[in-house]
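*Asks:* Just passing along the structure, written as structure tokens.
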Amino acid sequence: MMTDSTLDLLRRGYLFTANARRDRRSPREADAHPRYAVTLRLLGRPATVVGGSEGVRLFYDSTVMQRTGAMPQAVARPLFGRGAVHGLDGSEHHHRKSLFVGVLMDEERLQQLFAIADGLLVEALDTWRHAGRGIVHDTTVDVYGTAVMRWAGIELTQRDAARRARQLAEIVDGFATPVAPYARAWARRVACDRWAARLVGETRSGRRLPPAGSVLAEVASHRDEQGRLLDQHTAGVELLNVLRPTVAVARFAAFGTLALFESPDWRRRLASEVHERGSAVGGPLATAFTHEVRRIYPFVPLLAARAMHDTSFEGCPVPAGQRVLLDVLATNHDPQEWESPRTFDPERFLGTGAEWSDHFVPQGGGRPETGHRCPGELVAVGLLALTFSRLAQLDASLVRGQDAGWSWRRIPTLPRSGVVVEL
Ligand code: HEM
């Protein structure tokens, strides 16, 4: 009988799967020379780890894998909310997903979001100039949060928007960390659910008039496959599933700033790109830089699905009903897929199309329109690229002596200082 690894996962965080591969391989798995496969027990049930291109293709094969019952409720409920798109399957998923793809992958709407965010960021960097310094994570939580709420058609003062953004950031920060951060994440979840359901209710009753086509208007009027409006709670949950992850993009902004200040050459290249293009939005160099930030720094460690029928991976049997975990971090760093995987090198994304390869999965794999891949990838990449472009233009440096290290044991992790920049 295998011992249960749940506590080990909580204790080891991002190091969990590498450690499990080392320690817990069954004799059968060891014989098959797998690179990723290891079977362990989580929450009292066996689970098999998969990864690499082959693992990603299996994980996203919807004829073999389903999401119902895959993610433990203790994690899914505070993070995504009850009834969220993340846990749906089949046509119900496809229909709900079209709501997200429609609003989050439309070029014209995206450009409006980036223009709002860029304006707010320029203002925030002016405040830094007066103060002589600023904290990247805290500033981008406010900027991305305020931008996405405004863009979504939610009228709020900048102060209230920033307060809401911090609450959403606390959900992401605490959902997997006992005890106080987890309790705080739940408290924020309850408060934000109520707020979002109220926004939906007010929109439906005409007391609130978000612009046509805005995220709030679209979520409030979205109908399920049977033509019924989503119940108010679920509609609110899905509204938050646009707002919360946009705020979470701030985590990559903090990590990427470290990379930017460690690579003077890329800093120069990004600054001249803004100068030449006359815009900080959508620069190809900044976009390649962003992809490399998403590849190299830790955020999502694992994704969970469940096998619908018997299958196998790397010669290891995966019986029907078994949980399957996609090792996101190891796939992004796979030495058989990436040359010098530990080296920060944005060139690997310059005109190569590598951002759509099966072994690049910071926001999931497959296609967002047909599977569970993140529909917010263009949002995340666009916000990050404009942020790195603006930061590259500053005459600034990282504050010496700050603790910009991070824990590999805490999910999700973040540089402890939030990354402090001096101007
Ligand atoms: C830091 C940036 C982000 C990361 C690392 C990230 C990562 C992910 C991952 C790994 C998934 C799950 C894929 C799967 O289950 O197969 C996902 C799903 C999702 N993401 Fe993101 N995401 C980010 C930003 C965003 C943004 C900005 C939005 C919205 C504006 C968003 C909205 C969603 C939604 C709605 C889903 C559920 C999709 C589904 O189940 O079909 N994400 N994201």
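*Asks:* Kindly provide the set of residues from segment 384-412 that are in a loop (DSSP other than H, G, I, E, B), within 19 Å of the chain's Cα centre (by Cα) and either surrounded by 21 or more Cβ atoms within 10 Å (Cβ to Cβ) or away from the ligand (no atom under 14 Å from the Cβ) (or both), ordered by number.
*Replies:* 406, 407, 408, 409, 410, 411 - these are the residues of segment 384-412 that are in a loop (DSSP other than H, G, I, E, B), within 19 Å of the chain's Cα centre (by Cα) and either surrounded by 21 or more Cβ atoms within 10 Å (Cβ to Cβ) or away from the ligand (no atom under 14 Å from the Cβ) (or both).
*Asks:* Can you pull out every residue in segment 317-349 that is of a type in the set (Ser, Thr, Tyr) and part of a loop (DSSP other than H, G, I, E, B)?
*Replies:* First, the residues of segment 317-349 that are of a type in the set (Ser, Thr, Tyr): 331, 340, 343.
340, 343, listed by residue number.
*Asks:* Exactly one of (1) closer than 23 Å to residue 385 by Cα; (2) within 13 Å of the ligand (Cβ to nearest atom) is unmet by residue 125. Its number?
*Replies:* It is condition (2) that residue 125 fails.
*Asks:* Sticking with this structure for a sec: The conditions are (1) of a type outside the set (S, T, N, Q); (2) within 28 Å of residue 368 (Cα to Cα); (3) under 20 Å from the mean Cα position of the chain (by Cα), and residue 64 fails exactly one of them. Which is it?
*Replies:* Only one criterion in (1) of a type outside the set (S, T, N, Q); (2) within 28 Å of residue 368 (Cα to Cα); (3) under 20 Å from the mean Cα position of the chain (by Cα) is unmet by residue 64, namely (3).
*Asks:* If you don't mind, another one. Being over 30 Å from residue 399 (Cβ atoms), in contact (Cβ under 8 Å) with a residue 60 or more places away in the chain and within 21 Å of the chain's Cα centre (by Cα) is the requirement here; does residue 153 meet it? Give the derivation first.
*Replies:* Working: over 30 Å from residue 399 (Cβ atoms): yes; in contact (Cβ under 8 Å) with a residue 60 or more places away in the chain: yes; within 21 Å of the chain's Cα centre (by Cα): no.
Judged against the criteria, residue 153 is not a match.
*Asks:* Kindly indicate which of 150, 159, 166 is of a type outside the set (Ser, Thr, Tyr), farther than 18 Å from residue 245 by Cβ and modelled with pLDDT of 95 or more. Before the answer, list the steps.
*Replies:* Numbers: 150 fails: farther than 18 Å from residue 245 by Cβ; 166 fails: farther than 18 Å from residue 245 by Cβ.
Only one candidate passes the filter, namely 159.
*Asks:* Exactly one condition in (1) within 16 Å of the ligand (Cβ to nearest atom); (2) not in a helix (DSSP H, G or I) is not met by residue 235; state its number.
*Replies:* (2)
*Asks:* Is there a residue in segment 360-383 that is away from the ligand (no atom under 13 Å from the Cβ) and modelled with pLDDT of 95 or more?
*Replies:* No, every residue in segment 360-383 fails to be away from the ligand (no atom under 13 Å from the Cβ) and modelled with pLDDT of 95 or more.
*Asks:* It is to be established whether one or more residues within segment 350-373 are under 30 Å from residue 125 (Cα atoms), assigned to a loop (DSSP other than H, G, I, E, B) and either among the hydrophobic types (A, V, I, L, M, F, W, C) or under 23 Å from the mean Cα position of the chain (by Cα) (or both). Explain how you work it out, then say what you get.
*Replies:* At the first step, the residues of segment 350-373 found to be under 30 Å from residue 125 (Cα atoms) are 350, 355, 362-363.
If we keep only those that are assigned to a loop (DSSP other than H, G, I, E, B) too, we end up with 350, 363.
Pick out the ones that are also either among the hydrophobic types (A, V, I, L, M, F, W, C) or under 23 Å from the mean Cα position of the chain (by Cα) (or both) and you get 350, 363.
Within segment 350-373 (the criterion being under 30 Å from residue 125 (Cα atoms), assigned to a loop (DSSP other than H, G, I, E, B) and either among the hydrophobic types (A, V, I, L, M, F, W, C) or under 23 Å from the mean Cα position of the chain (by Cα) (or both)), the answer is yes, since at least one residue qualifies.
*Asks:* Within the set of pairs 6+ apart or on separate chains, which have a first residue in segment 357-384 that is closer than 17 Å to residue 84 by Cα, a second that is within 6 Å of the ligand (Cβ to nearest atom) and aliphatic (A, V, I, L, M), and C-beta atoms under 6 Å apart?
*Replies:* Final answer for the pair search is 375/104; 376/104.
*Asks:* Let me ask something additional. Quick test for you: out of 250, 220, pick the one residue that is in a helix (DSSP H, G or I), of a type in the set (A, V, I, L, M), buried (at least 22 other Cβ atoms within 10 Å of the Cβ) and within 14 Å of the ligand (Cβ to nearest atom). Please lay out each step first, then the result.
*Replies:* On the way: 220 fails: within 14 Å of the ligand (Cβ to nearest atom).
It is 250.
*Asks:* Sticking with this structure for a sec: What residue, among those in segment 306-330 that are within 16 Å of the ligand (Cβ to nearest atom) and charged (D, E, K, R), is farthest from residue 69 (Cα to Cα)?
*Replies:* Residues of segment 306-330 that are within 16 Å of the ligand (Cβ to nearest atom), as a first pass: 306-308, 323-330.
With charged (D, E, K, R) added as a condition, the list becomes 306, 323, 327.
Working: 306: 7, 323: 9, 327: 18 Å.
In this case the residue turns out to be 327.
*Asks:* Still on this structure: Restricted to segment 109-145, and to residues that are touching a Phe, Trp or Tyr at 6+ places or on another chain (Cβ under 8 Å) and of a type in the set (Val, Ile, Thr), which residue is surrounded by the most Cβ atoms within 10 Å (Cβ to Cβ)?
*Replies:* 139
*Asks:* Let me ask something additional. The conditions are (1) surrounded by fewer than 21 Cβ atoms within 10 Å (Cβ to Cβ); (2) not in a helix (DSSP H, G or I), and residue 191 fails exactly one of them. Which is it?
*Replies:* With respect to (1) surrounded by fewer than 21 Cβ atoms within 10 Å (Cβ to Cβ); (2) not in a helix (DSSP H, G or I), residue 191 is out only on (2).
*Asks:* Is there a residue being buried (at least 17 other Cβ atoms within 10 Å of the Cβ), among the small types (Gly, Ala, Ser) and either touching a helix residue (DSSP H, G or I) at 6+ places or on another chain (Cβ under 7 Å) or at pLDDT below 95 (or both) anywhere in segment 37-51?
*Replies:* yes
*Asks:* Looking at (1) touching a Leu at 6+ places or on another chain (Cβ under 6 Å); (2) over 17 Å from residue 383 (Cβ atoms); (3) not hydroxyl-bearing (Ser, Thr, Tyr), which is the only condition residue 118 fails?
*Replies:* (2)
*Asks:* Hey, does segment 331-349 have a residue that's within 12 Å of the ligand (Cβ to nearest atom) and modelled with pLDDT of 95 or more? Walk me through how you get there before you give the answer.
*Replies:* Kept after step one, since they are within 12 Å of the ligand (Cβ to nearest atom), are these residues of segment 331-349: 331-332.
Subsequent filtering for residues that are modelled with pLDDT of 95 or more retains 331-332.
Yes.
*Asks:* Before we move on, is residue 306 modelled with pLDDT of 95 or more and part of a helix (DSSP H, G or I)?
*Replies:* On the way: modelled with pLDDT of 95 or more: yes; part of a helix (DSSP H, G or I): no.
So residue 306 does not fit the description; no.
*Asks:* Could you list, in sequence order, all residues of segment 90-120 that are free of Cβ contacts under 8 Å to residues at least 24 places away in the same chain and not in a helix (DSSP H, G or I)?
*Replies:* 106
*Asks:* Exactly one of these conditions fails for residue 135: (1) touching a strand residue (DSSP E or B) at 6+ places or on another chain (Cβ under 8 Å); (2) at pLDDT below 95. Give me its number.
*Replies:* (2)
The values are calculated or read from the model by the stated rules, or taken from the named source; none is laboratory data. No experiment lies behind these values; they were computed from the predicted model shown. Methodologically, a virtual Cβ is constructed for each residue, glycine included, from the backbone with ideal geometry; neighbour enumeration extends over all protein chains shown.
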